[in-house]
Amino acid sequence: MVSLKSSPSITPENPLFSASQPDVPGEFAFHGEDFERVRALLKQHTGISLSEAKRSMVYSRLARRLRANGVTSFRAYLDALRHGKPEWEHFVNALTTNLTYFYREAHHFQILAEHFKRRARPGEVLQVWCAAASTGEEAWTIALTAAETFATLAPPVHILATDLDTSVIDTARRGVYRGEQVARIPEGPLRRHFVHEAPDLYRVRPELRALVTFRQLNLLGADWAVRGPLDAVFCRNVLIYFDRATQLQVVERMAPLLRPGGLLFVGHSEHFSHGQRVFSLQGKTVYVRN
Ligand SMILES: C[S@@+](CC[C@H](N)C(=O)[O-])C[C@H]1O[C@@H](n2cnc3c(N)ncnc32)[C@H](O)[C@@H]1O
């Protein structure tokens with residue numbers, strides 16, 4: 001924040017800012033080269049590939065950061081941005097897309113329930129990694145599925161829930177949702193696993209919370225620090241933001257963490273025929289580790 005405030009601003013002598021019209025009209029000049037810098041930084045550090053069509057989205061999301069930092073141009077903001085500094089986290093958080101909801105692609109949770117039943121062994125805890133957990137609905141749905149499948153508040157399941165974006169992970173960890181957010185949860189599980197604290201406020205019960213560990217993790221990071229063997233991985237609606245080479249790298253890194261017979265769940269539009277040396281397609285967007 002401090003370094004950004006002291007960074008240089010637009011001057012009439014600066015040809016980059018004075019010569020051409022901004023590409024996106026608005027409060028701050030936003031030129032093609034600014035957009036290219038944003039794209040390159042994001043791609044390099046997070047794997048997220050932004051298409052040309054995302055110019056306006058990038059402008060509106062980062063304009064808030066420029067205002068918060070008191071800088072007057074995208075160029076100055078990007079000049080001051082350094083990987084590892086506090087503003088970096090805001091930059092990344094601002095550019096992620098976090099849409100998620102309870103029981104998204106509901107057929108996955110039926111398959112997961114069957115998988116839990118088949119793999120349960122006395123004294124063993126089944127391990128699941130939810131690798132792009134966003135605001136938590138996916139991880140809590142996995143926890144609900146476990147509790148309902150084993151008909152206990154303490155099922156033999158542990159869920160590691162991670163995401164690149166630190167703000168969504170905080171929300172996920174809080175486990176508090178509005179009525180419209182929990183509307184997809186059937187009445188029984190909702191009553192059993194949430195405390196209805198206020199007319200429009202539902203809080204995940206402590207027993208369910210005990211099943212999930214949340215932490216920040218970049219799928220492009222060198223060390224995931226995820227311990228296998230895992231029984232299932234949910235990596236849904238995140239690969240879609242990566243190019244094909246990055247998708248393959250991520251999926252191939254996940255494979256050795258899964259037990260043979262373990263399941264990889266991906267999003268409805270994420271197919272990877274190129275990953276089928278290690279995985280076989282088991283059903284719609286569900287892969288089994290060979
Ligand atoms: C659209 S949400 C999907 C949430 C959930 N998996 C679902 O299917 O409902 C995509 C999530 O991927 C996360 N993400 C993007 N790039 C990532 C990366 N390199 N490492 C980890 N998470 C990432 C974003 O922060 C975002 O929360």
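When segment 135-145 is examined, which residues are found to be out of contact with any Gly (no Cβ under 8 Å at 6 or more places or on another chain) and either over 15 Å from Pro186 (Cβ atoms) or in a loop (DSSP other than H, G, I, E, B) (or both)?
Thr135, Glu138, Ala139, Ile142
Among helices (runs of 4 or more DSSP H) entirely within segment 25-134, having at least 1 residues that are within 16 Å of the ligand (Cβ to nearest atom), crowded, with 20+ Cβ neighbours inside 10 Å and under 23 Å from the mean Cα position of the chain (by Cα) singles out 32-46, 55-69, 86-95, 107-119.
In this structure, is Val251 buried (at least 16 other Cβ atoms within 10 Å of the Cβ), closer than 17 Å to Cys130 by Cβ, assigned by TED's automatic domain parsing to the domain that holds Ser134 and at pLDDT below 95? Outline the logic, then answer.
On the way: buried (at least 16 other Cβ atoms within 10 Å of the Cβ): yes; closer than 17 Å to Cys130 by Cβ: yes; assigned by TED's automatic domain parsing to the domain that holds Ser134: yes; at pLDDT below 95: yes.
Yes.
Can you name the residue in segment 195-219 that is in contact with a Ser or Thr (Cβ under 6 Å, 6 or more places away or on another chain) and not basic (Lys, Arg) and, of all such residues, is nearest to Glu180 (Cα to Cα)? Walk me through how you get there before you give the answer.
Within segment 195-219, the subset in contact with a Ser or Thr (Cβ under 6 Å, 6 or more places away or on another chain) is 215-217.
Then drop every residue that is not not basic (Lys, Arg), which leaves 216-217.
Values: Gln216: 26, Leu217: 28 Å.
For segment 195-219, the residue satisfying everything is Gln216.
The set of residues in segment 240-252 that are within 12 Å of the ligand (Cβ to nearest atom) and outside any loop (DSSP other than H, G, I, E, B) comprises Ile240, Tyr241, Thr246, Gln247, Gln249, Val250. Pairing residues of segment 220-232 that are over 23 Å from His108 (Cβ atoms) with residues that are part of a loop (DSSP other than H, G, I, E, B) and within 13 Å of the ligand (Cβ to nearest atom), at Cβ distances under 8 Å and at least 6 apart in sequence or on separate chains, gives Leu220/Gly47; Ala225/Leu217.
Being in a loop (DSSP other than H, G, I, E, B) and within 13 Å of the ligand (Cβ to nearest atom) is the filter here, so list the residues in segment 206-222 that pass it.
Step one: list which residues in segment 206-222 are in a loop (DSSP other than H, G, I, E, B), which gives 210-211, 217-222.
Those that are in a loop (DSSP other than H, G, I, E, B) and within 13 Å of the ligand (Cβ to nearest atom): Leu217, Asn218, Leu219, Leu220, Gly221, Ala222.
I'd like the full set of residues that are under 17 Å from Val125 (Cβ atoms) and of a type in the set (Lys, Arg), limited to segment 201-215. Within segment 201-215, Arg209 is the sole residue that qualifies. Of all residues in segment 27-73, how many are touching a residue at least 40 places away in the same chain (Cβ under 8 Å) and hydroxyl-bearing (Ser, Thr, Tyr)? Looking only at that region, the number is 4. Taking Leu264, is it among the aliphatic types (A, V, I, L, M) and either more than 17 Å from the chain's Cα centre (by Cα) or within 12 Å of the ligand (Cβ to nearest atom) (or both)? The answer is no for Leu264. Considering Val125, Val92, which residue is under 20 Å from Leu263 (Cβ atoms), in contact with a His (Cβ under 8 Å, 6 or more places away or on another chain) and of a type in the set (Val, Ile, Thr)? Every option except Val125 fails the conditions.
For Gln282, state whether it is in the same structural domain as Ala131 (by TED's automatic domain parsing), among the polar types (S, T, N, Q) and more than 28 Å from His45 (Cβ to Cβ). So Gln282 passes the test.
Name every residue in segment 226-239 that is surrounded by fewer than 18 Cβ atoms within 10 Å (Cβ to Cβ) and more than 13 Å from the ligand (Cβ to nearest atom), in order of residue number. Write out each step before concluding.
To start, the set of residues in segment 226-239 that are surrounded by fewer than 18 Cβ atoms within 10 Å (Cβ to Cβ) comprises 226-229.
Arg227, Gly228, Pro229 - these are the residues of segment 226-239 that are surrounded by fewer than 18 Cβ atoms within 10 Å (Cβ to Cβ) and more than 13 Å from the ligand (Cβ to nearest atom).
The values are calculated or read from the model by the stated rules, or taken from the named source; none is laboratory data. Keep in mind that this is a model prediction, so the values were computed, not measured. Virtual Cβ from ideal backbone geometry, glycine too; neighbours counted across all protein chains shown.
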